[in-house]
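Taking it in order: structure first as structure tokens, then the write-up.
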Amino acid sequence: MTDMSDPRVYARKMPVRSGSFATKLSLGLICVVCGLCISGAALALGWVDSDLDGVPDSKDACPHSRPNAVVDAKGCEIRRDEIACIAPEGELLSFCEPAAQTAKNGQARQNKQDEQVKRSIGESNVVRVYFAFASAEVSIDQWPQLAKVRDFLSASDANARLTLVGHTDNIGSEAVNLSLSRQRAERVKQIFVQDYGVKAERLSIVAKGASQPVTDNLGPGERALNRRVEFMVEAR
């Protein structure tokens, strides 16, 4: 008769379990850890956009915007009458803060608003996307600028068109800078077409290289301001 009080004997009698349970448990733990890592990375980068308006929650003053709503740089919805306060055709795309206007004659109101746009638009209101040195990649912190351009295209007539104008600083040869400025404009266009669903024919490209700086190129700060893509309004 076997003595079951002996733990060694009892261990021999125990059934051997399959390793599948342990394997599944290990895989589950790995998935959880990976998910936490990915979420943590997104939080660390500050790019969590709950309402998908192009403005990260960390900078979104209105984090519960309606789906597909046109929003400003703070993430708050813009009324369509405010969207009209944008640079006219032949000007760089710019946004201003229009004063409340009331006029019985709609055309008179529009003329007055156009004049206000010309007066109020300054260099600081020009919509620009900036780039790292020798790079054509659009960093996360530039996406709010892209959201402004998306808002213009969404609120404008379907025939509204923009020219994406690429620029560089003065480091490098003329040929290299011309090519890089085109790559920057093409990358921005790719984002609008692939991520925002904008029709490609509404966006054209011009490469300027280092020929049109907004400031001198004497230091790294100045050169950084010249590495940019701007948006020329061709049709509204």
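Charges only on Cβ, +1 for Lys and Arg, -1 for Asp and Glu: so what's the dipole of segment 167-219 about the Cα centre, in debye to the nearest 20?
The calculation lands at about 240 debye.
Pairs of alpha-carbon atoms within less than 8 angstrom and 6+ residues apart define the contacts here; what relative contact order does segment 135-236 have, in percent?
Result for segment 135-236 is 39 percent.
Under the rule a/c < 1.5 gives rounded, and otherwise a/b versus b/c splits prolate from oblate, where does segment 131-236 land using the Cα gyration tensor?
prolate
What residues qualify as long-range amide H neighbours of Cys62, i.e. H under 5 Å apart, gap of 5 or more or another chain, H built at 1.01 Å from N?
Residues meeting the amide H criterion: Cys76.
Given the peptides 149-155, 190-196, arrange them by the average over their residues of other C-beta atoms within 10 Å, most packed first.
149-155, 190-196
Bear in mind that the values in this text are calculations on the coordinates, not laboratory data. Source: prediction; values computed, not measured. As a convention, Cβ positions derive from the backbone with ideal geometry for all residues, glycine included, and neighbour counts pool all protein chains shown.
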